[in-house]
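Here is the structure we will look at, set down as structure tokens.
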Amino acid sequence: MQDFHSMASELYESLKGRFINFIKSRFAQLDDDDINDIYNDAFMAAYDNIQAGRVADDTHWDAYIMRIGYNQATTVVKKKSIFVNPQRPDDDDDEEQAERRWDNTISLADALGSEDDEQEKQQKIDTLLQELEKLKPPCATILIDYYFGEMSLTEIMEALGFTSMANLKVKKMRCMDSARKLLSVAFKQLAIDF
């Protein structure tokens, strides 16, 4: 057990700077205290998962902790009612894909309403995210991370353990088909023309 604690302590110290930069780059709205709390919580969640036997022997610990932290940061941001907008093109996108994703984000933001009624707009966003979370795994994670969380396809591939970029892109396309069907109902309920 001593080896585990020294290994965990070493990982904790070596990963901290990279983790903080990773979360700050994706969630600029979070302050340092929030990020430090998320970092500590990520390690506690990993420990709980180890104790419960939910962690594979070949787990890449850096990516695993980053993924837990990213999910926790997303939860904190949602609780604070802060919408994370994709603000940069994805490193893995060609220009056309990046432009299309940005246009879709702008169109969705316009369709959700003016900035004058941020509370109503946030309620619509929350509803849409809840609908996306109804998708079968890993579709919700892929789409939310890619379109709302600013994760690159490479980051998603590593975090979810896809064996190739081609496999991830095929899965993302299938997930989008499922999401279109699911969201069309939500759009109608929210009176969104998209």
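The values are calculated or read from the model by the stated rules, or taken from the named source; none is laboratory data. Just so you know, these numbers come straight off a predicted model, no measurement behind them. No Cβ is skipped: glycine too gets one built from the backbone with ideal geometry, and neighbour counts run over all protein chains shown.
Just checking, which of Ile50, Ile20 is β-branched (Val, Ile, Thr) and either within 15 Å of Ala159 (Cβ to Cβ) or under 20 Å from the mean Cα position of the chain (by Cα) (or both)?
After applying the criteria, what remains is Ile20.
Within the stretch 28-64, restricting attention to residues that are touching a helix residue (DSSP H, G or I) at 6+ places or on another chain (Cβ under 9 Å) and loosely packed, with under 11 Cβ neighbours inside 10 Å, which residue is modelled with the highest pLDDT?
Asp32
Answer yes or no as to whether Asp92 is out of contact with any Leu (no Cβ under 6 Å at 6 or more places or on another chain) and either modelled with pLDDT of 85 or more or on the phi < 0 side of the Ramachandran plot (or both).
On the way: out of contact with any Leu (no Cβ under 6 Å at 6 or more places or on another chain): no; either modelled with pLDDT of 85 or more or on the phi < 0 side of the Ramachandran plot (or both): yes.
Here the answer is no, as Asp92 does not meet what is asked.
Restricting the first residue to the stretch 124-143 and requiring it to be within 24 Å of Phe162 (Cα to Cα), which pairs with a second residue that is assigned to a loop (DSSP other than H, G, I, E, B) meet a Cβ separation below 7 Å and a spacing of at least six or different chains?
Note: pairs meeting the criteria are Ala140/Glu133.
Let's see how each residue does on (1) modelled with pLDDT of 85 or more; (2) among the aromatic types (Phe, Trp, Tyr):
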site: Thr127; (1), (2): no, no
site: Glu131; (1), (2): no, no
site: Ala140; (1), (2): yes, no
site: Tyr146; (1), (2): no, yes
site: Gly149; (1), (2): no, no
site: Ala159; (1), (2): yes, no
site: Met173; (1), (2): yes, no
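For residues that are small (Gly, Ala, Ser) and assigned to a loop (DSSP other than H, G, I, E, B), scanning just the stretch 140-165, find the one that is nearest to the chain's Cα centre (by Cα).
If we take residues in the stretch 140-165 being small (Gly, Ala, Ser) and assigned to a loop (DSSP other than H, G, I, E, B), then Gly149 is nearest to the chain's Cα centre (by Cα).
Of the numbered conditions (1) at pLDDT 85 or above; (2) outside any helix (DSSP H, G or I), Leu168 satisfies every one except a single condition; which is it?
Single failed check for Leu168: (2).
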